[in-house]
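Taking it in order: structure first as structure tokens, then the write-up.
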Amino acid sequence: MKIVHLYKDYHPPTRGGIEQLVESMATRQVRAGHEVTVLTSAHGERHDRDEIIDGVRVLRMAEWARFASAPLCPGMPLALSRLRADLFHMQFPSPPGEVSWLTVRPRGELVVSYQSDIVRQKALLPVYGPVVRAILARARVILASADQNIERSAFLRPHRDKCMVVPLGVDLSRFAGLDRQKDAAAALRARYGGPLVLFVGRLRAYKGLHVLLESMTHVHGRLVIVGDGPERDALHALHARLGLGDRVHFAGDVTDNWLLAHLAAADVGVLPSILPSEAYGMEMVEMLACGVPVVCTELGTGTSYVNQHEVTGLVVPPNDSQALAAGLNRLLADAALRARMGAAGRQRAHSHLSVEAMMRGVERAYEMALGRKRGHA
């Protein structure tokens with residue numbers, strides 16, 4: 001089968017949940033014998049690139065600018081028009097891919113992974129809304145990561161009949177070497193102090209990191225923030241204003257081995273997101289896979305599907321620094337509770353949230369999309 005994936009960025013170099021998800025799908029599809037292309041932006045570069053990474057053809061289109069986090073890639077429609085595929089798999093939202101697909105209308109079936117509604121850029125919906133509706137109307141199958149994401153979305157509800165829930169998964173083999181990180185983890189704990197709270201992810205406004213920093217004035221532990229992003233300078237300024245000093249450490253982007261070391265060193269994970277732009281929380285899956293209990297927020301999305309309240313961690317109200325601090329302190333103070341929830345999280349990751357489980361769902365979606373085409377013909 002010929003498959004084309006469309007998303008605004010790709011890993012490497014962009015270390016984001018969806019970027020790494022697309023990479024994981026694409027590389028596994030190549031191993032299964034499919035011909036796979038990823039059409040994406042060149043992420044700040046002003047020239048096109050055509051390269052092969054782990055058997056995947058990656059077409060990176062010159063990016064002229066970014067607007068509302070979306071790259072402007074004028075060459076993408078032409079590049080798409082030259083691709084031939086049985087199936088196009090689009091991650092939504094990704095305006096350059098959506099506009100390109102609607103412009104070209106390539107032959108081949110369309111599967112859309114609907115990651116989240118438009119929240120922060122909702123002022124653009126009078127213009128962008130028709131694009132969303134047109135894409136969803138033409139999709140053969142729409143994938144959602146949790147039932148909650150279908151029910152809460154005004155865009156998805158009219159298309160329930162072609163929605164399919166496929167939880168996002170991570171490659172659990174990445175964490176098989178966690179035990180070998182004991183020395184590195186001990187060195188990190190000596191550097192940072194403890195007990196240790198860990199955040200991993202892009203530093204974006206909807207992640208609620210300003211609420212997390214405010215909560216740290218009441219948390220009996222230290223926080224390490226792994227990741228980089230557009231909110232970095234504002235968060236450093238808030239850290240200084242709150243006088244948090246060495247109670248909070250900004251580690252920036254780290255290598256995969258150092259990420260493992262941080263996961264091995266952590267007592268508790270945290271995802272303090274404040275907007276339903278956080279539709280799932282891939283970072284939490286990684287934490288659960290490593291036996292790290294998590295405190296997250298209830299957004300009416302898949303976050304509380306991934307992290308089950310009082311089972312794998314705690315779920316607290318969003319945008320509430322006191323509730324967040326109380327949840328973190330409860331786990332930090334109770335080693336037995338952390339151990340019980342950590343074991344439950346590891347089990348949940350293996351049974352429901354692995355990349356293998358996700359790929360089985362994606363394969364079923366592709367079969368449905370192509371089967372509907374044959375049935376329609």
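The values are calculated or read from the model by the stated rules, or taken from the named source; none is laboratory data. This is a predicted model, so every value here is computed, not measured. Please note: Cβ atoms are built from the backbone with ideal geometry, for glycine as well, and neighbour counts cover all protein chains shown. Accessible surface areas use protein heavy atoms only, side chains included; no ligands, DNA or RNA. Shrake-Rupley method; radii C 1.70, N 1.55, O 1.52, S 1.80 Å.
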Being hydroxyl-bearing (Ser, Thr, Tyr) and modelled with pLDDT under 85 is the filter here; which residues of region 106-138 pass it?
Ser116, Tyr128
Only one of these conditions is not met by Leu223: (1) farther than 14 Å from Ile274 by Cα; (2) surrounded by fewer than 22 Cβ atoms within 10 Å (Cβ to Cβ); (3) modelled with pLDDT of 95 or more. Which number is it?
(2)
So which residues in region 27-47 are among the small types (Gly, Ala, Ser), in contact with a strand residue (DSSP E or B) (Cβ under 7 Å, 6 or more places away or on another chain) and in a loop (DSSP other than H, G, I, E, B)?
Ala42
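At least 2 residues that are more than 17 Å from the chain's Cα centre (by Cα) in each: list the helices (runs of 4 or more DSSP H) lying fully within region 281-336 that qualify.
Values: elements: 282-289, 303-306, 321-332.
Fully inside region 281-336 and qualifying: 321-332.
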Ala187: passes all of (1) of a type in the set (Gly, Ala, Ser); (2) modelled with pLDDT of 95 or more; (3) open to solvent by less than 50 Å² (accessible area, probe 1.4 Å) but (3)
Hey, could you check region 314-353 for residues that are in contact with a Leu (Cβ under 6 Å, 6 or more places away or on another chain) and open to solvent by less than 10 Å² (accessible area, probe 1.4 Å) and say which is nearest to Glu214 (Cα to Cα)?
Gly327
Please go through region 80-112 and pick out each residue that is over 14 Å from Tyr10 (Cβ atoms) and of a type in the set (A, V, I, L, M).
Leu80, Leu83, Ala85, Leu87, Val99, Leu102, Val104, Leu110, Val111, Val112
Lone qualifier among Glu283, Glu298 - being of a type in the set (D, E, K, R), surrounded by 19 or more Cβ atoms within 10 Å (Cβ to Cβ) and in contact with a helix residue (DSSP H, G or I) (Cβ under 9 Å, 6 or more places away or on another chain)
Glu283
Kindly list the number of the only condition in (1) at pLDDT below 95; (2) out of contact with any Lys or Arg (no Cβ under 9 Å at 6 or more places or on another chain); (3) of a type outside the set (Gly, Ala, Ser) that fails for Met76.
(1)
Given Asp233, Asp246, which one is touching a residue at least 24 places away in the same chain (Cβ under 8 Å), open to solvent by 10 Å² or more (accessible area, probe 1.4 Å) and either out of contact with any Lys or Arg (no Cβ under 6 Å at 6 or more places or on another chain) or not hydrophobic (A, V, I, L, M, F, W, C) (or both)?
Asp246
All but one of (1) surrounded by 20 or more Cβ atoms within 10 Å (Cβ to Cβ); (2) under 23 Å from Gly371 (Cβ atoms); (3) in contact (Cβ under 8 Å) with a residue 60 or more places away in the chain; (4) touching a helix residue (DSSP H, G or I) at 6+ places or on another chain (Cβ under 7 Å) hold for Pro167, so report the exception by its number.
(1)
Out of the residues in region 139-163 that are open to solvent by 40 Å² or more (accessible area, probe 1.4 Å) and either within 16 Å of Met90 (Cα to Cα) or among the basic types (Lys, Arg) (or both), state the one that is modelled with the highest pLDDT.
Arg140
Would you confirm whether or not region 113-124 contains a residue that is in contact (Cβ under 8 Å) with a residue 60 or more places away in the chain, within 19 Å of Leu21 (Cβ to Cβ), in a loop (DSSP other than H, G, I, E, B) and open to solvent by 20 Å² or more (accessible area, probe 1.4 Å)?
yes
Can you find, within region 205-216, the residue that is nearest to Ala289 (Cα to Cα) among those that are open to solvent by 10 Å² or more (accessible area, probe 1.4 Å) and touching a residue at least 40 places away in the same chain (Cβ under 8 Å)?
Tyr206
